[in-house]
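The values are calculated or read from the model by the stated rules, or taken from the named source; none is laboratory data. Since this is a predicted model, take the numbers as computed values, not measurements. Reconstructed Cβ throughout: ideal geometry from the backbone, glycine too, with neighbour counts over all protein chains shown.
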Amino acid sequence: MQFIALTSIGVEQLLVDELKAFDFEINKQTIGSVKFTGANLDVQKFCMLTRFATRVMLLVDDQNEVKDKESLYKFARFQAWQDWFSPKQTFAVEFSGTNSALKNTQFSGLVIKDAIVDYFSDLFEQRPNIDKETPDLRIVAKLTKQGCALYIDFSGPRLSDRGYRDKQGKAPIREHLAAALVKRSGWLDDISKPLFDPCCGSGTLLIEAASMALNLPTNLNKDFAFKRLPSFRQAKFDELKAELKAQGTEQNLWLIGSDIDEKVLSIAKRNAERAGVATHIKFKHEDANCLTAAAKRPGTVLSNLPYGERLGGMAELISLYRNMGVAFKKHYKDWQLALLSSDESLFKVLKLARKKGYKFKNGPLDVLLNLYEMNEQQVQQSSDSNGLNFEGSAAFANRLKKNLQGLKSWIKSENIKAYRVYDADIPEYNVAVDVYNQSAVIFEYKAPKEIDDVVAEKRLQDVITLTAQQLDIDPLNIAVKVRKKQKGQEQYKAFDKQNRTEIVEEFGVKFKVNLFDYLDTGLFLDHRLARKFIQQNAKDKRVLNLFAYTGTASAHAAFGGAKAVTTIDMSKTYLKWAEENFELNGLKNSRYRFEQADCLKWLEHAKGQYDLIFLDPPTFSNSKRMADAFDVQRDHIKLLGWVKNILAPGGTLLFSNNKRGFKIDEMALAGIGLTAQEYSKHTLSPDFKRNKQIHNSWLIRHA
């Protein structure tokens, strides 16, 4: 009988070797699958023992001539379905693949379903029912350029689900991939040596390693699909199951797992107990940033290291990898390392020479398992004395230190809690560094095309290290926002959120900021003095804040005694944030209004009068109210004309934008009855004086 075994990309060769160990004949190896020939009972045994297959299917037939609906129907209609199930049983059809005639997999699946129903109706005058959730027989059809193949699901529920995990950590790894990593690590060549996972999470790697070393079956109690086939014999299966239960071996294993998260460690312990290997694994609470020797005798370090699946967390990761690289050289001489990550640049932070690498897929992610040999040469190979990639990075450190020194008196006198300390002062280190209390945000500007990506990544690593050192900030509290080209579906991926917020105070007003979960933090630092102007001039005024973002200028107006404050933004999230900022300051009044609207649309038809207006529009916007996309340079007169209609006599409009080289059209402005007073230098605080193009601002009044 012919079968196909499925697995993940990168595990195929291990699956081939496993199948050969069962004396199966290998017919064909393709990406993610292996076709083979074997006897029914032997394949049942394989399903209970396999470590690398995720699914096994029995081949019914394949045909090259399946090109359209008619040929697909005939192909399915003339199979001997009574050999596999009866009309009293239920079935379901899975279909994958398309061609020019068969473009919809759901439609193609219905064609096969109709063919099978017609087969039983003609032969037995009775039709089987469909059950998509728990069918007696699941039929799988795969359409390729070569034709169509029909399979019967032989194994049933996913073979990688061993049954010992009820909960898992944040970065789960499938059991069959964990087994592949154990195999590729080389530890199984000598299981008397210790195996250590410093980021063990829910313990999957160590549990799979123990199971492999003890020769335990993987899936004895699964509800296999083959049990519902006519060829299944319960007595023979029970005999085989009893035989496999008794085949485990006794071994003294030395398995150690540590993790910084105590909750996930408790999950790991429960998983190990359910897998029957708890006595062989020691779990301990330890931070991988502070590794010491796990055992006196050299062994293997095997770990699925953290990698960047959340926005802003790069500083924490770079610090972790750098610290681990130092610890491996200091405490792990003569050990073997097998480390998994999705980010090649993070591996470079370890500063270790790779011996070998294996590519895998962990779900949708491309991941790499790197093997390292911690021999004398590796241990003695020192990093730069300061741990930096470039000697020139010292210039960045010096500039950071110098800038901070120059701002200290201002920070102290004004009680500033959030400020910019560096803004691309050195062209090669093209980042901005902002401080928020005891935290920091590093924002990497888009690098010129001529700058090599690897060089840019290494410079950023140095920036992160030096920012932590010079500002005395824990890397855990440094958010890094990197502009990089996304691949494929990555641009649509939602990042994990840390939900870490903190409070900063500015001229007596408190604001909630979120440094890690969004590209912006909730507070535009360069508008600090613009907000101060609004606070100082808001008393008894009717204030309007357009394109309000998180309502920080609105909070200043209310704090300054405004009679009424209207806050308008298109984002529901930002408006909720604005309301939270008001609550934080105890600002409550029925005349404080928050309105969700497209500001351009709202302005075109706005009514009422406002004494003080803050207008900070985007440089560009695709508002539906504009014939073309809104451009602040081209369209600012039209915009200001709308605002003029609601600006009270004697009122003031503080107009700002951040378009470099913006020029206000004073003649056109005069033509609509407004005058403008350049005010940019009054809204640039000391931390932004180095970048006079950060924004432009004017005080605009009726002529």
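So if I check each of 640, 669, 654, 647, which one is more than 19 Å from residue 547 (Cα to Cα), assigned by TED's automatic domain parsing to the domain that holds residue 616 and crowded, with 19+ Cβ neighbours inside 10 Å?
Exactly one of 640, 669, 654, 647 is more than 19 Å from residue 547 (Cα to Cα), assigned by TED's automatic domain parsing to the domain that holds residue 616 and crowded, with 19+ Cβ neighbours inside 10 Å, namely 669.
Looking at the range 87-101, I want the residues that are of a type in the set (Gly, Ala, Ser) and have a partner that is in a strand (DSSP E or B) with Cβ atoms under 6 Å, at least 6 apart or on another chain. Which pairs are those?
Going by the 6 Å Cβ cut-off, the qualifying pairs are 92/138; 96/142; 97/142; 97/143; 97/144.
Rundown of residues vs (1) outside any strand (DSSP E or B); (2) assigned by TED's automatic domain parsing to the domain that holds residue 206; (3) modelled with pLDDT of 90 or more; (4) in contact with a Leu (Cβ under 7 Å, 6 or more places away or on another chain), yes/no style:
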| position | (1), (2), (3), (4) |
| --- | --- |
| 126 | yes, no, yes, no |
| 132 | yes, no, yes, no |
| 135 | yes, no, yes, no |
| 140 | no, no, yes, no |
| 143 | no, no, yes, yes |
| 149 | no, no, yes, yes |
| 160 | yes, no, yes, no |
| 165 | yes, no, no, no |
| 169 | yes, no, no, no |
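Looking at the range 521-531, is at least one residue farther than 25 Å from residue 686 by Cβ and in contact (Cβ under 8 Å) with a residue 60 or more places away in the chain?
There is no residue in the range 521-531 that is farther than 25 Å from residue 686 by Cβ and in contact (Cβ under 8 Å) with a residue 60 or more places away in the chain.
Does residue 303 satisfy the condition of being polar (S, T, N, Q), in a helix (DSSP H, G or I) and either over 29 Å from residue 47 (Cβ atoms) or at pLDDT 95 or above (or both)?
Spelling it out, it is not the case that residue 303 is polar (S, T, N, Q), in a helix (DSSP H, G or I) and either over 29 Å from residue 47 (Cβ atoms) or at pLDDT 95 or above (or both).
Tell me which residues, restricted to the range 413-428, are of a type in the set (Gly, Ala, Ser), over 19 Å from residue 522 (Cα atoms) and under 29 Å from the mean Cα position of the chain (by Cα).
424
For the range 133-145, what are the residues that are within 22 Å of residue 82 (Cβ to Cβ) and not aliphatic (A, V, I, L, M)?
Hits for the range 133-145 are 134, 135, 136, 138.
Conditions tested, residue by residue: (1) exposed (fewer than 15 other Cβ atoms within 10 Å of the Cβ); (2) touching a Pro at 6+ places or on another chain (Cβ under 9 Å); (3) closer than 17 Å to residue 184 by Cβ; (4) not basic (Lys, Arg).
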residue: 324; (1), (2), (3), (4): no, yes, no, yes
residue: 329; (1), (2), (3), (4): no, no, no, no
residue: 332; (1), (2), (3), (4): no, yes, no, yes
residue: 337; (1), (2), (3), (4): no, no, yes, yes
residue: 341; (1), (2), (3), (4): no, yes, yes, yes
residue: 350; (1), (2), (3), (4): no, no, no, yes
residue: 359; (1), (2), (3), (4): yes, no, yes, no
residue: 376; (1), (2), (3), (4): yes, no, no, yes
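For residue 262, indicate whether it is of a type in the set (Asp, Glu) and in contact (Cβ under 8 Å) with a residue 60 or more places away in the chain.
Numbers: of a type in the set (Asp, Glu): yes; in contact (Cβ under 8 Å) with a residue 60 or more places away in the chain: no.
Judged against the criteria, residue 262 is not a match.
Can residue 659 be described as surrounded by fewer than 14 Cβ atoms within 10 Å (Cβ to Cβ), assigned to a loop (DSSP other than H, G, I, E, B) and at pLDDT below 95?
Values: surrounded by fewer than 14 Cβ atoms within 10 Å (Cβ to Cβ): no; assigned to a loop (DSSP other than H, G, I, E, B): yes; at pLDDT below 95: yes.
In short, no.
What number of residues within the range 76-88 satisfy the criterion of being part of a loop (DSSP other than H, G, I, E, B) and over 16 Å from residue 58 (Cβ atoms)?
Within the range 76-88, residues that are part of a loop (DSSP other than H, G, I, E, B) and over 16 Å from residue 58 (Cβ atoms) number 4.
Which of the following residues is among the hydroxyl-bearing types (Ser, Thr, Tyr), buried (at least 22 other Cβ atoms within 10 Å of the Cβ) and in contact (Cβ under 8 Å) with a residue 12 or more places away in the chain: 445, 429?
429
What pairs can you find where one residue is in the range 348-363 and in contact (Cβ under 8 Å) with a residue 40 or more places away in the chain and aromatic (Phe, Trp, Tyr), the other is in a helix (DSSP H, G or I) and surrounded by 12 or more Cβ atoms within 10 Å (Cβ to Cβ), and their Cβ atoms are less than 8 Å apart, with a gap of 6+ or different chains?
Close Cβ pairs (under 8 Å, with a partner that is in a helix (DSSP H, G or I) and surrounded by 12 or more Cβ atoms within 10 Å (Cβ to Cβ)) amount to 358/184; 360/177; 360/180; 360/181.
Checking residue 215 against (1) over 23 Å from the mean Cα position of the chain (by Cα); (2) on the phi < 0 side of the Ramachandran plot; (3) surrounded by fewer than 18 Cβ atoms within 10 Å (Cβ to Cβ), which test does it fail?
Checking residue 215 against (1) over 23 Å from the mean Cα position of the chain (by Cα); (2) on the phi < 0 side of the Ramachandran plot; (3) surrounded by fewer than 18 Cβ atoms within 10 Å (Cβ to Cβ), the one that fails is (2).
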